[in-house]
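Working notes for the structure below.
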Amino acid sequence: MVSRSYTNLLDLASGNFPAMGQPRERKQLPRVMTVPGVISELDDDAVSDVPSSVVQDRMIIVANQLPVKAKRRPDNKGWSFSWDEDSLLLHLKDGLPEDMEVLYVGSLRADVDLSEQDDVSQVLLDRFNCVPAFLPPDILSKFYHGFCKQHLWPLFHYMLPFSGNHGGRFDRSLWEAYVAANKIFSHKVIEVINPEEDYVWIHDYHLMVLPTFLRRRFNALRMGFFLHCPFPSSEIYRTLPVREEILKALLNSDLIGFHTFDYARHFLSCCSRMLGLEYQSKRGYIGMEYYGRTVGIKIMPVGIHMGQIESVLKLADKEWRVGELKQQFEGKTVLLGVDDMDIFKGVNLKLLAMEQLLKQHQKWQGRAVLVQITNPARGRGSDLEELQAEIQESCRRINETFGRPGYEPVVFIDRPVSLSEKAAYFTIAECVVVAAVRDGMNLTPYEYVVCRQGVSGSESGAESSGPKKSMLVVSEFIGCSPSLSGAIRVNPWNIEATAEAMNEAISIADSEKQLRHEKHYRYVSTHDVAYWSRSFYQDMERTCKDHFIRRCWGIGLSFGFRVVALDPNFKKLNIDHIESAYIKSKKRAILLDYDGTVMPQTSINKTPSSEVISMINTLCSDVKNTVFVVSGRGRDSLGKWLDPCKKLGIASEHGYFMRWSADDDWENCGQSSDFGWIQIAEPVMKLYTEATDGSSIETKESALVWHHRDADPGFGAAQAKEMLDHLESVLANEPVAVKSGQFIVEVKPQGISKGSVAEKIFTTMAESGRQADFVLCIGDDRSDEDMFESIDNAIASGILNSSKSVFACTVGQKPSKAKYYLDDTADVINMLEILAEASDPSPSAGNSP
């Protein structure tokens, strides 16, 4: 069933954007080619089929904004462009292979007239390797200032829209604009991409549904996504009306990156609670199986560009700004804050902490100065206006209370500050304070540490000749906090504790400041932006290495679209082929699972229909056939449901009990009949059942199963893991196996599996001179994989002949040890009915051991 909150992708693809204007038609940007050629006008989803003359990997970096500055020429005729040296996207190429071409796709920070867009596009492509995406004004406003800044940005920073005035209620027209903008970006990528040679790296929350558009067009595309802001806890994220659409879109990436483990953990929790997906950690890498694809999870905080900071420091020296500031604050201890004007940066909390510091520690009155640099606001709204007024009032109050001639305790700078001037302030500051209540990364502490280290041969640095030292007071709610182990971490909401931390930072011994600085500088200088991008690219390579040898196809509509990736040898069972092999064979073994194979999983009444009974009886009546139902169900249930099938073999409880026909007695296939272990295991399971709401115990004749499907996903999984360890410990000396499965923990006798049942059937047939020359084995879940594996083992040991017809078949398109699949139980029944029609019923037929 498709969620009502889905926006119909097909409508959007055809340009049907409800409640918004249509984008105007214009000529398409010519596609980038590596061989000479002419490309005619192409439709939106066209892609060049001209082969590349040189096979070379290329990185296409997609972000909301290009790393380019655009300015109108003074004569108002045309544009001038230059690289934006502050852009992270520009510097990340330093970590990519030297011979890798980098192409940028994004929007400009300038309003380019429609008549100029083609010329601007060509200039940017030729000179900067940039492909601009021009958004129509109505879409741009609703996309950026609407959905991105009113919905995603507050929500991802833990701000819920409790009222229309704070955070903003969900507006579907804004979501539709977000989807429309992402589609425009996808067109620009499609125009220039070579899907078999290029990598695509998408950046940040503005483009979270872009992976679906690209994956829908290129199933095997190598694609990564990095989120530069926090990812909220599932309790916050699940309030978003389009929560599943965004999760599923992100999962169309091959690698998803986060700054910290907390952000990744929240994302994984959302996937578990909302989509039922579980992750695995293998050899240090985290991955989630998603329809046969492994989606990698990357945890790596971004760094700074060392070369840029060092060149800025030299510039600050040349401008004499460092010397001026040292003279201005001579005899003072400078604490520094550098933040955006944003409600989440905690600027006023920092000012209140400074006020508390001066009250509690009067020795700092007249000596300590907080310089607060506030970058211009990127967003807009009443919240920001209230914040600005509050900050200005706090500054006025503190300066009136504690100021004196020649001393101003708070220096508030609310104008654009150049990089060189900012570096000069870093150089003279004794301590940097970051009090953000929520921030994705925040590189200010990194920049400060490098500036305090200075550049050899310059006047910058804490002291040009002496040992370098620095101190940091950072909020525990920012992404860089875990990386800065020498910083004093604070809860910025606790004003008193933050004030004490600031006092400690400027009072601590110089030797301690020096040690902390050295520790931080070692980390910051080695974990720079190139290190980050190199690590992400290497993980993309590793995650995507099997892309072009696997069979992929897309299924699903709208944002339910996903790609199924399977082994190239895995294919749908051809009915004509199996029927032909069936007719030619003389001795056949047919092994069928019950639930999910001949009986739909969703069916409440598990009694088979008269048609299924008749079909099974027809198969059993052929003297050439040995037919078994192999199930985890109890023997009483199976015996009752399949009672009309007198010649059918049944293996129940995964093979603990087995009979060759209704006339035979049940065999106990267990290695031991000692069930004393139940007295040990059952109390343990009861203990966890009482403590885990929604869990239950199923008691079988040979096994105990603890179910937690209806429990809280996170708590149930944690309890299952704990129980598994507990049971393995107390049952270490018992003849049982403790296994975890999908929402279960099972204790059963050792040596019991569907694989052992299959092996016994094949062996018995071979020993009686009836070696199977046709094997059909069908199942749908993890326990059936043992049967598929046993077929390979039987062939290897000679029990089965590898040249004979062997059909191991799973139900559903999913990774499996089987070589064939059928889509569902209806397909299974249809195939079995065709085989039944081709059978030769004989009154003397039936299974015989």
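The values are calculated or read from the model by the stated rules, or taken from the named source; none is laboratory data. Everything numeric here is computed off the predicted structure, so don't read it as measured data. Please note: Cβ atoms are built from the backbone with ideal geometry, for glycine as well, and neighbour counts cover all protein chains shown. Ligands, DNA and RNA are excluded from the accessible area calculation, which covers all protein heavy atoms including side chains. Shrake-Rupley method; radii C 1.70, N 1.55, O 1.52, S 1.80 Å.
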Past the 28 Å Cα-Cα mark, which pairs from Lys624/Lys754; Lys188/Lys314; Lys69/Lys188; Lys183/Lys819; Lys282/Lys700?
Lys188/Lys314; Lys183/Lys819; Lys282/Lys700
In whole percent, how big is the carbon plus sulfur part of the accessible area of the range 394-459, probe 1.4 Å, protein atoms only?
46
Rank by packing, highest mean first: peptides 232-244, 599-611, with packing defined as the count of other Cβ atoms within 10 Å averaged across residues.
232-244, 599-611
Given the candidates Val312, Pro301, Val347, the one whose Cα lies deepest towards the positive end of the charge dipole of the range 271-359, counting +1 at each Lys or Arg C-beta and -1 at each Asp or Glu C-beta, is Pro301
In whole percent, and with a 1.4 Å probe on the protein chains, what portion of the accessible area of the range 801-845 is carbon and sulfur?
45
Extension length gain for Ser729 and Glu476 (0.36 nm per residue less Cα distance), in nm, is 87.3 nm
Amide H of Val200 versus every other amide H placed in the peptide plane: which residues, excluding those fewer than 5 positions away on the same chain, fall under 5 Å?
Ile60, Arg222, Met223, Gly224
From the Cα centre of the range 243-272 to that of the range 121-151, the distance in Å is 25
Say each of Glu330 and Asp636 gets a label point 7 Å from the Cα, pointing the same way as Cα to Cβ; how far apart are those two points in nm?
9.6
Within the range 303-366, chymotrypsin sites (Phe, Trp or Tyr not before Pro) in DSSP loop having at most 12 other beta-carbon neighbours inside 10 Å
Trp320
Could you tell me which residue out of Ser729, Thr692, Gly714 lies farthest along the dipole of the range 687-735 toward its positive end? Charges go on the beta carbon: Lys and Arg +1, Asp and Glu -1, centred on the Cα centre.
Gly714
Fully extended, how many nm does the chain gain between Arg534 and Ala377 (0.36 nm per residue separation, minus their Cα-Cα distance)?
53.3 nm
Please state the charge dipole magnitude for the range 346-397, taken about the Cα centre, from unit charges on C-beta atoms (+1 on K and R, -1 on D and E), reported in debye and rounded to the nearest 20.
340
Treating the angle as unsigned and between 0 and 90°, give the value, to the nearest 10°, between the Cα long axis of helix 419-428 and the longest Cα principal axis of the chain.
80
Roughly speaking, to the nearest percent, how much of the range 601-666's 1.4 Å accessible area is carbon and sulfur?
47
Expressed as a rounded percentage, what relative contact order does the chain have, with Cα pairs under 8 Å and six or more residues apart?
10
Measuring from label point to label point, each 7 Å out along Cα→Cβ, what is the Glu833 to Asp119 span in nm?
6.9
For the chain, dividing by residue count, accessible area per residue (probe 1.4 Å) in Å² works out to 43
Report, by chain and number, residues whose modeled amide H sits under 5 Å from the one on Val131, excluding near sequence neighbours (fewer than 5 apart, same chain).
Tyr104, Val105, Gly106
Qualifying trypsin sites (Lys or Arg not before Pro) for the range 498-565 [loop in DSSP, other Cβ within 10 Å: at most 15]:
Lys545
Among the listed pairs Lys93/Lys571; Lys545/Lys739; Lys606/Lys814, those beyond 30 Å (Cα-Cα)
Lys93/Lys571; Lys545/Lys739
Where the only charges are on Cβ atoms (+1 Lys, Arg; -1 Asp, Glu), what is the dipole of the chain about its Cα centre, to the nearest 20 debye?
940
Which aspartates and glutamates, if any, have their Cα less than 20 Å from the Cα of Lys71, not counting same-chain residues under 8 positions apart?
Asp84, Glu85, Asp86, Asp111, Asp113, Glu116, Asp118, Asp119, Asp126
To the nearest 20 debye, the range 498-553 has a Cα-centred charge dipole, built from +1 on Lys and Arg Cβ and -1 on Asp and Glu Cβ, of 540
